[in-house]
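Undergrad: Here you go, one structure.
The values are calculated or read from the model by the stated rules, or taken from the named source; none is laboratory data. The model shown is predicted, which means the values in this text are computed figures rather than measured ones. Virtual Cβ from ideal backbone geometry, glycine too; neighbours counted across all protein chains shown.
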Amino acid sequence: MSKVLILPGDGIGQEVVIQALKVIDFLNANFNLGMTLEHGLIGGSAYDVTGSPLPQDTLDVARKCDSILLGAVGGYKWESLLRDLRPERGLLRLRAEMDLFSNLRPAILYSQLISASTLKKEVVLGLDLMIIRELVSGIYFGKPRGIEIRNGQRYGFNTATYFESEIRRIGHSAFKIAQLRNKRVCSVDKANVLEVCELWRKVMIDLAKDYPDVELSHMYVDNVAMQLVRAPKQFDVIVTSNLFGDVLSDCAAMLTGSIGMLPSASLNQYGFGMYEPIHGSAPDIEGKDIANPLAAILSVAMMLRYSLNQAHLAFKIEAAVNAVLDKGYRTLDILTEGGMVVGTNEMGNLVVEALV
Ligand code: NAD
Ligand code: IPM
Ligand code: MN
């Protein structure tokens with residue numbers, strides 16, 4: 001039996017999590033998934049009810065669960081709140097409190113969606129890359145930070161910091177995952193300019209000695225941004241810092257046709273994980289039943305694989321997604337020629353029907 005905390009959050013986060021729950025319910029009823037669910041608040045919707053984007057109750061329940069499924073947080077409504085009260089701060093605090101330092105963001109092109117990608121077919125066909133993003137340190141969390149008056153004008157500042165131990169543990173994650181894949185790690189930094197990245201690179205080079213079977217390379221982040229759209233299949237595992245990983249994973253998402261296709265896992269050292277689509281709350285399409293729920297559904301598959309030791313059911317979900325795409329069903333963001341447009345709800349139902 002596993003216990004999972006469901007945190008739908010805001011905007012389309014709520015819409016896509018409902019679809020993921022349909023999948024969980026079906027697997028519980030028909031395939032001995034054995035998952036019990038807790039439900040909690042996070043983000044703007046938590047702020048509206050409790051005055052906090054991460055209520056203590058949510059944290060307490062999270063600590064008693066085996067993993068978390070999250071939708072997304074944020075929205076126009078909360079953008080002018082004090083920074084500590086904003087939805088995004090709730091998510092960042094939850095990641096930090098649970099020490100979810102290792103963020104796995106796989107970018108896989110489903111071949112049925114080849115023409116949904118904005119890139120040429122030959123550039124993306126067969127794409128399967130894994131971005132590993134450090135998630136609880138770096139410039140997102142470094143101090144000092146703030147906005148203050150200096151020399152009679154406003155001055156904004158953040159600090160990019162990494163302890164070598166923080167670099168080492170994300171490096172270990174990357175090398176271990178590469179061992180299960182094509183045994184190539186590309187460490188992404190800006191060591192030509194930033195001291196924090198110089199340390200990052202040195203630590204990665206040291207670590208590589210423990211993994212003689214894995215090939216380590218280094219690339220500057222600006223070049224990686226270019227290479228991702230030039231020739232993305234050159235990469236197997238990319239390991240990088242918090243901010244670079246955030247930006248590069250949205251870029252990689254588009255190679256697969258849509259950001260609505262990318263799930264993620266955020267793991268701590270004990271294998272506890274939070275699973276979420278990499279997209280946000282998409283206020284521009286909220287409430288229209290057009291959001292793509294596949295990233296959220298595929299996040300459940302990642303949960304089964306990485307935290308709950310039920311890889312056979314993860315394969316089942318992925319096979320169901322494949323079957324639905326094979327039949328030509330598409331949400332608007334992944335529409336390809338001849339495809340049949342379905343809404344968020346319908347797509348969820350179709351995936352459940354394909355679970356055999
Ligand atoms: P976003 O990812 O929410 O949306 C970017 C674009 O992609 C939008 O045009 C949106 O309609 C589209 N999109 C995203 N998910 C989609 C899906 N499943 N199906 C179809 N289209 C989809 O990013 P944004 O607009 O920069 O941010 C909106 C809000 O979400 C902000 O408040 C931001 O802070 C928050 N955000 C939260 C998370 C998270 O919770 N992990 C991630 C990113 C952004
Ligand atoms: C993501 C998001 C978050 C991040 C925001 C909402 C805090 O963009 O999960 O990719 O920057 O990590
Ligand atoms: Mn992001």
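Undergrad: Please state which one of 250, 210, 206 is of a type in the set (D, E, K, R) and either at pLDDT below 95 or in a loop (DSSP other than H, G, I, E, B) (or both). Show your work before the answer.
TA: Numbers: 250 fails: either at pLDDT below 95 or in a loop (DSSP other than H, G, I, E, B) (or both); 206 fails: either at pLDDT below 95 or in a loop (DSSP other than H, G, I, E, B) (or both).
Result: 210 is the single residue among 250, 210, 206 that is of a type in the set (D, E, K, R) and either at pLDDT below 95 or in a loop (DSSP other than H, G, I, E, B) (or both).
Undergrad: If residue 170 satisfies every condition in (1) of a type in the set (Val, Ile, Thr); (2) outside any loop (DSSP other than H, G, I, E, B); (3) more than 16 Å from ligand 3 (Cβ to nearest atom); (4) not assigned by TED's automatic domain parsing to the domain that holds residue 253 but one, which is the exception?
TA: (4)
Undergrad: Hey, does segment 36-55 have a residue that's part of a loop (DSSP other than H, G, I, E, B), more than 23 Å from residue 313 (Cβ to Cβ), among the acidic types (Asp, Glu) and out of contact with any helix residue (DSSP H, G or I) (no Cβ under 7 Å at 6 or more places or on another chain)?
TA: The initial filter retains those residues of segment 36-55 that are part of a loop (DSSP other than H, G, I, E, B), namely 40-43, 51-55.
Still in the list and also more than 23 Å from residue 313 (Cβ to Cβ): 40-43, 51-55.
Restricting the remaining residues to those that are among the acidic types (Asp, Glu) gives none.
Within segment 36-55 (the criterion being part of a loop (DSSP other than H, G, I, E, B), more than 23 Å from residue 313 (Cβ to Cβ), among the acidic types (Asp, Glu) and out of contact with any helix residue (DSSP H, G or I) (no Cβ under 7 Å at 6 or more places or on another chain)), the answer is no, since none of the residues qualifies.
Undergrad: Right, here's the next one. Condition first: among the β-branched types (Val, Ile, Thr) and outside any helix (DSSP H, G or I). Now tell me which residues in segment 213-242 satisfy that.
TA: Within segment 213-242, the subset among the β-branched types (Val, Ile, Thr) is 214, 221, 224, 229, 237-240.
Matches in segment 213-242: 214, 237, 238, 239, 240.
Undergrad: If you don't mind, another one. How do the pairs read when you match residues in segment 91-111 that are farther than 18 Å from residue 303 by Cα and hydrophobic (A, V, I, L, M, F, W, C) with residues anywhere that are part of a loop (DSSP other than H, G, I, E, B) and at pLDDT below 95, using Cβ under 7 Å and keeping only pairs 6 or more apart or on different chains?
TA: Between residues of segment 91-111 that are farther than 18 Å from residue 303 by Cα and hydrophobic (A, V, I, L, M, F, W, C) and residues that are part of a loop (DSSP other than H, G, I, E, B) and at pLDDT below 95, the close pairs are 109/117.
Undergrad: Which one of 152, 156 is of a type outside the set (Asp, Glu) and on the phi > 0 side of the Ramachandran plot? I'd like the intermediate steps shown before the answer.
TA: Details: 156 fails: on the phi > 0 side of the Ramachandran plot.
That would be 152, the only listed residue that is of a type outside the set (Asp, Glu) and on the phi > 0 side of the Ramachandran plot.
Undergrad: Next up: Hand me the list of helices (runs of 4 or more DSSP H) wholly inside segment 253-356 holding 3 or more residues that are more than 16 Å from ligand 3 (Cβ to nearest atom) and either within 24 Å of residue 75 (Cα to Cα) or at pLDDT below 95 (or both). Spell out how you get there, then give the answer.
TA: Numbers: elements: 294-306, 311-326, 344-353.
Answer list for segment 253-356: 294-306, 344-353.
Undergrad: I need the full set of residues from segment 280-298 which are within 10 Å of ligand 1 (Cβ to nearest atom) and within 11 Å of residue 11 (Cα to Cα), in order please.
TA: 280, 281, 282, 283, 284, 285, 286, 288, 291
Undergrad: Can you find a residue in segment 207-229 that is touching a residue at least 60 places away in the same chain (Cβ under 8 Å) and away from ligand 3 (no atom under 15 Å from the Cβ)? Give the derivation first.
TA: Taking segment 207-229 first, the residues touching a residue at least 60 places away in the same chain (Cβ under 8 Å) are 229.
Now narrow it down to the ones that are away from ligand 3 (no atom under 15 Å from the Cβ): 229.
Yes - at least one qualifying residue is present in segment 207-229.
Undergrad: Related question: Need pairs with beta-carbon distance below 6 Å; first residue without any contact (Cβ under 8 Å) to a residue 60 or more places away in the chain and within segment 327-339, second in a loop (DSSP other than H, G, I, E, B) and within 11 Å of ligand 1 (Cβ to nearest atom); sequence gap 6+ or separate chains.
TA: 332/290
Undergrad: Which one is surrounded by the most Cβ atoms within 10 Å (Cβ to Cβ), of the residues in segment 138-160 that are within 16 Å of ligand 2 (Cβ to nearest atom) and of a type in the set (Gly, Ala, Ser)? Walk me through how you get there before you give the answer.
TA: To start, the set of residues in segment 138-160 that are within 16 Å of ligand 2 (Cβ to nearest atom) comprises 138-142, 145, 158, 160.
Now narrow it down to the ones that are of a type in the set (Gly, Ala, Ser): 138, 142, 160.
Values: 138: 26, 142: 16, 160: 18.
Top of the filtered list is 138.
Undergrad: Considering only segment 188-219, state which residues are touching a strand residue (DSSP E or B) at 6+ places or on another chain (Cβ under 7 Å) and farther than 16 Å from residue 163 by Cα.
TA: Listed by number, the residues that qualify are 188, 190, 192, 208, 214, 215, 216, 217, 218, 219.
Undergrad: Return yes when residue 120 is outside the structural domain of residue 314 (by TED's automatic domain parsing) and surrounded by fewer than 22 Cβ atoms within 10 Å (Cβ to Cβ) and no when it is not. I'd like the intermediate steps shown before the answer.
TA: Values: outside the structural domain of residue 314 (by TED's automatic domain parsing): yes; surrounded by fewer than 22 Cβ atoms within 10 Å (Cβ to Cβ): yes.
Judged against the criteria, residue 120 is a match.
Undergrad: Any idea which of 247, 193, 224 is within 16 Å of ligand 1 (Cβ to nearest atom), at negative phi and not assigned by TED's automatic domain parsing to the domain that holds residue 277?
TA: Numbers: 193 fails: within 16 Å of ligand 1 (Cβ to nearest atom); 224 fails: within 16 Å of ligand 1 (Cβ to nearest atom).
The conditions single out 247.
Undergrad: Of the conditions (1) under 30 Å from residue 191 (Cβ atoms); (2) within 15 Å of ligand 3 (Cβ to nearest atom), residue 234 satisfies every one except a single condition; which number is it?
TA: (2)
Undergrad: Inside segment 161-190, can you point out the residues that are aliphatic (A, V, I, L, M) and either surrounded by fewer than 19 Cβ atoms within 10 Å (Cβ to Cβ) or without any contact (Cβ under 8 Å) to a residue 24 or more places away in the chain (or both)? Reasoning before the result, please.
TA: Initial filter on segment 161-190 (aliphatic (A, V, I, L, M)): 167, 170, 174, 177-178, 180, 185, 188.
The one that is aliphatic (A, V, I, L, M) and either surrounded by fewer than 19 Cβ atoms within 10 Å (Cβ to Cβ) or without any contact (Cβ under 8 Å) to a residue 24 or more places away in the chain (or both): 180.
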